[in-house]
Amino acid sequence: MKKRIIRILSVIFIMAMMNVNVVLADDFVDREENVSNIVDPRSRYLAGAISEITNEGSGVLGIYADFTSYNSVDWARITINLERKKDASSTSWTHVKTYTYEFDVADEPDGRLTSGTVEFEARGLATDYYYRLRCEHKVKTPSGSYESKNTQTDGVLLTSYPVYRSIDANK
């Protein structure tokens, strides 16, 4: 629940930063979690895009991606490419799986599509590999044109054993 609140506050912060015409591109690297966050105030519709990969331990990866838009769009898609490499010294990444999620304005109760979120766990992956995400966040504007942003996380080592986090780490 605290992660979700932090994400919501992050989106609010991003929207506030866009009002002062600041470009923010930040890669947060942590031993257990990697986030890629792209914001571009020059975009007319697509306001921000975030991707995140987390080692949940015991062979489970946590995957999160989202987008926000300044105005309602007709359609959106988040394409998540999961990649892996054998060890930290290797330079090449191998494609593992692609996840595609589509959002349509017709599915929105208020008739406005201004954001979309994808969050899930990937199981059954080989452990002791580094995994990363490459994502495309794409929207279709009311005029029929498209805007997209790409995000990419750093690699995170997937472990076969449980990951224990301090209670203080969740604050």
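What to note about this one:
- Percent accessible area from carbon and sulfur atoms, the range 55-171, protein chains only, probe 1.4 Å: 43 percent
- Average accessible surface for the range 60-171: 54 Å² per residue, computed with a 1.4 Å probe over protein heavy atoms with every protein chain in place.
- For residue 130, neighbours were defined as the other residues whose beta-carbon sits under 11 Å from its Cβ, and their charges (Lys and Arg +1, Asp and Glu -1) total 0.
- Nitroxide proxy distance, nm - points 7 Å out along Cα→Cβ at residue 90 and residue 104: 3.9 nm
- Solvent-accessible surface (1.4 Å probe) assigned to residue 74 amounts to roughly 60 Å².
- Accessible area per residue (1.4 Å probe, heavy atoms of protein chains only) ranks 136, 83, 121, 102 as 102, 121, 136, 83, with the largest value leading.
The values are calculated or read from the model by the stated rules, or taken from the named source; none is laboratory data. The structure displayed is predicted, hence computed values, not measured ones. Here Cβ is always computed from backbone atoms with ideal geometry, including for glycine, and neighbour counts include all displayed protein chains. Areas reflect the complete protein model, heavy atoms only, side chains present, ligands, DNA and RNA absent. Shrake-Rupley method; radii C 1.70, N 1.55, O 1.52, S 1.80 Å.
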